[in-house]
Amino acid sequence: MIRKADTKKVANELRARYQPTRAVVLVSRLLQKALFAGRSDEVVFWALVHAHYRGGDLSDRSNRQLAAFSDFILPDPSEFNGG
């Protein structure tokens with residue numbers, strides 16, 4: 001189960017600890033490792049981390065694409081209370 005709040009926390013930690021180039025390389029390597037290991041849950045997790053790192057909230061198009069994985073992604077509580 002993937003929690004969107006966790007992906008946002010990880011993205012914020014990356015922003016705080018690493019220079020942008022290093023953070024993107026780190027996420028890319030972890031994403032690639034998960035992809036080749038066949039870990040679809042980790043691929044989605046790191047893709048969400050990357051999306052939040054690069055732009056904050058996801059676009060409507062991204063949210064529609066993620067709807068296919070809604071059984072595996074717990075929404076961020078702030079999505080329910082407008083925060």
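The values are calculated or read from the model by the stated rules, or taken from the named source; none is laboratory data. Computed from a predicted structure; not experimentally measured. Because the Cβ atoms are built from the backbone with ideal geometry, glycine has one as well, and the counts that use them run over all protein chains shown. Remember, those area values only see protein heavy atoms, side chains included, never the ligands or the DNA or RNA. Shrake-Rupley method; radii C 1.70, N 1.55, O 1.52, S 1.80 Å.
At a glance:
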| item | result |
| --- | --- |
| Close pairs (6 angstrom Cβ cut-off, 6 or more residues apart or separate chains): closer than 18 Å to Trp46 by Cβ in the range 66-77, among the aliphatic types (A, V, I, L, M) and surrounded by 12 or more Cβ atoms within 10 Å (Cβ to Cβ) anywhere | Phe69/Val44; Phe72/Ile2; Ile73/Ile2; Asp76/Ala5 |
| Any hit, the range 4-14, residues being surrounded by 15 or more Cβ atoms within 10 Å (Cβ to Cβ) and β-branched (Val, Ile, Thr) | yes |
| Extreme residue, most open to solvent (accessible area, probe 1.4 Å), among residues of the range 53-77 that are of a type in the set (A, V, I, L, M) and more than 10 Å from Ile2 (Cα to Cα) | Ala68 |
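Let's see how each residue does on (1) surrounded by fewer than 17 Cβ atoms within 10 Å (Cβ to Cβ); (2) not small (Gly, Ala, Ser):
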residue: Ala16; (1), (2): yes, no
residue: Val25; (1), (2): yes, yes
residue: Gly38; (1), (2): yes, no
residue: Val43; (1), (2): no, yes
